[in-house]
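Accompanying notes for the structure given below.
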Amino acid sequence: MSIAMREAGAAAPASRDFVFSWLGEGDMATAIETVGVLGCGLMGSGIAQVCATAGYRTIVREVDAVLLEQGLARIGTFLDAGVAKGKVAVEGRDRTLANLSGTTSFDALGECDLVVEAITENLEAKRATYAGLEPVMKDHTILLSNTSSLCITELAAATRRPDRFGGLHFFNPVPVMKLVEVIRGLATSDATYQAAFAFAQSLGKEPITAPDRPGFIVNRLLVPYLLDAVRAYERGLGSLEDIDKGLTLGCGYPMGPFTLLDFVGLDTVYSIANIMWEELREPAFAPPPLLKRMVLAGHLGRKSGRGFYSYL
Ligand code: CAA
């Protein structure tokens, strides 16, 4: 089943199971009814999907119609696969799709109570997006970034509402992975942090509180492990297959380090490593030469058809 791009603003059937409130400014209880998602790539489409599944009217924005259609189609494919596996009810899939709409404009996001930004990991691109969004945002609207590596305090400073800004970091594949990291920047208000935490719970996720430090909690520990695997492979520790098999069968990890690198994207890991290295200057975060060269060669993993393994 494919999703037709429904014009944002068209009435979505109300199917939310719950509404939660948090105390906003002036002790006004404010309900989150409409959620915006900026970016409909791998992460954005997953985030939009879980928001719509949780019953929120969800409006997802992409920069052009082709990317938007691709992202919405990804959601349709995932839901159809869930139905085929018996993990998703047909009515559940249809309700999720009915709650979703797409747009290429910022105007349609004006009605959102909470917006999750999941665009490319580039400070300037995020700044420009926030500048486009802010003029149409309602005063109480919370803006949360799904960044995996950029500084939340710095992103907040790029907005005119740093107290209503925070980090909400999802994991890939978003509809399957239970964890969400909630990050507060120096200026994030208590109300915003609490609303972000409760919002993650309302999506059926398990939130944890992470500090605004490079890599937050998970990538702070995961990325050095992945980089070390590349270094060890470069030094001849074993074949890709044997190292992956060692960690899956020996430790019960769902994926070995090279399968996971290809899954996450070598460019993503390289970018996170660079940011951690820049700020912390610890050798464990320095990107290994092989990783850099694979990124330069465009061997980015599954997304490019080739990484440590071939997917062609
Ligand atoms: N709809 C609904 N549920 C689905 C589904 C779908 N379309 N596809 C899969 N699932 C569910 C399955 O039903 C299954 O659920 P149960 O355990 O309840 O049965 C679960 O998802 C696993 O799916 P599969 O059994 O089909 O697939 P798998 O066992 O091969 O697992 C995987 C796939 C979940 C991706 C697993 O390999 C895994 O966990 N890999 C590691 C992923 C990981 O580490 N992600 C984090 C990356 S780091 C990151 O994202 C942060 C960053 O900043 C870089």
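The values are calculated or read from the model by the stated rules, or taken from the named source; none is laboratory data. As the structure is a computational prediction, the values presented were derived from the model and not from experiment. Every residue, glycine among them, receives a Cβ derived from its backbone with ideal geometry; neighbour counts consider all protein chains shown. With ligands, DNA and RNA removed, areas are computed over all heavy atoms of the protein, side chains included. Shrake-Rupley method; radii C 1.70, N 1.55, O 1.52, S 1.80 Å.
Before moving on, here are some points about what is shown:
- Residues whose amide H lies under 5 Å from that of residue 180, counting only those 5 or more places away or on a different chain, are 206, 208; hydrogens are built 1.01 Å from N in the peptide plane.
- Ordering 93, 302 by accessible surface, largest first, gives 302, 93; the 1.4 Å probe counts only protein heavy atoms, with every chain in place.
- For region 72-129, diffusion coefficient by Stokes-Einstein and Kirkwood Rh (Cα), 37 °C, 0.692 mPa s, µm²/s: 237 µm²/s
- Accessible carbon and sulfur surface of region 21-210 relative to its total accessible area, %, 1.4 Å: 56 percent
- Taking every protein chain into account, the 1.4 Å probe leaves residue 111 with about 70 Å² of accessible area, to the nearest ten.
- Solvent-accessible ranking of 244, 163, largest area first, probe 1.4 Å: 163, 244
- The chain, dipole about Cα centre (Lys/Arg Cβ +1, Asp/Glu Cβ -1), debye to the nearest 20: 640 debye
- Phi-based couplings in Hz for region 225-232 (Karplus 6.51, -1.76, 1.60; Gly and Pro marked x): 4, 5, 5, 5, 5, 5, 4, 5
- Span per principal axis, largest first, for the Cα atoms of the chain (Å): 60, 45, 33
- Here region 113-189 is treated with +1 on each Lys and Arg Cβ and -1 on each Asp and Glu Cβ, and its dipole about the Cα centre works out to around 100 debye.
- Separation of region 191-249 from region 43-68 is 24 Å, based on Cα centroids.
- Region 129-180: mean projected area of Cα convex hull, nm²: 4.2 nm²
- Calculated on C-alpha atoms, the gyration radius of region 153-312 divided by its Kirkwood radius gives an Rg/Rh of 1.02.
- From phi via Karplus (6.51, -1.76, 1.60), per-residue ³J(HN,Hα) for region 110-121 in Hz, x at Gly/Pro: x, 8, 6, 8, 8, 10, 10, 9, 9, 8, 4, 7
- Isotropic mean projected area of the C-alpha convex hull, region 74-188 (nm²): 7.7 nm²
- A cut-off of 5 Å between modelled amide H atoms, ignoring neighbours fewer than 5 places along the same chain, links residue 33 with 113.
- Low-density loop positions, trypsin sites (Lys or Arg not before Pro), region 215-253 - DSSP coil, at most 12 other Cβ in 10 Å: 235
- Solvent-accessible surface of protein heavy atoms, probed at 1.4 angstrom with all chains present, puts 202, 105 in the order 105, 202, largest first.
- Extending 7 Å from the Cα toward the beta-carbon at both residue 139 and residue 87 defines two label points whose distance is 4.4 nm.
- Accessible area expressed per residue, region 21-210, with surrounding protein chains retained (probe 1.4 Å, Å²): 38 Å²
- Protection proxy ranking for 282-289, 82-89, using the average of other Cβ atoms within 10 Å per residue and placing the highest first: 282-289, 82-89.
- Estimated translational D of region 148-248 in µm²/s (Stokes, Kirkwood radius over Cα pairs; 4 °C; 1.567 mPa s): 85 µm²/s
- Relative to the compact-globule estimate of 2.2 N^0.38 Å, the Cα radius of gyration of region 218-304 comes out at 1.03.
- Cα-Cα over 24 Å, subset of 138/205; 205/292; 85/178; 87/178: 138/205; 205/292
- Using θ = phi - 60° and Karplus 6.51 cos²θ - 1.76 cosθ + 1.60, couplings along region 167-175 (whole Hz; Gly, Pro as x): x, 9, 9, 8, 10, 8, x, 3, x
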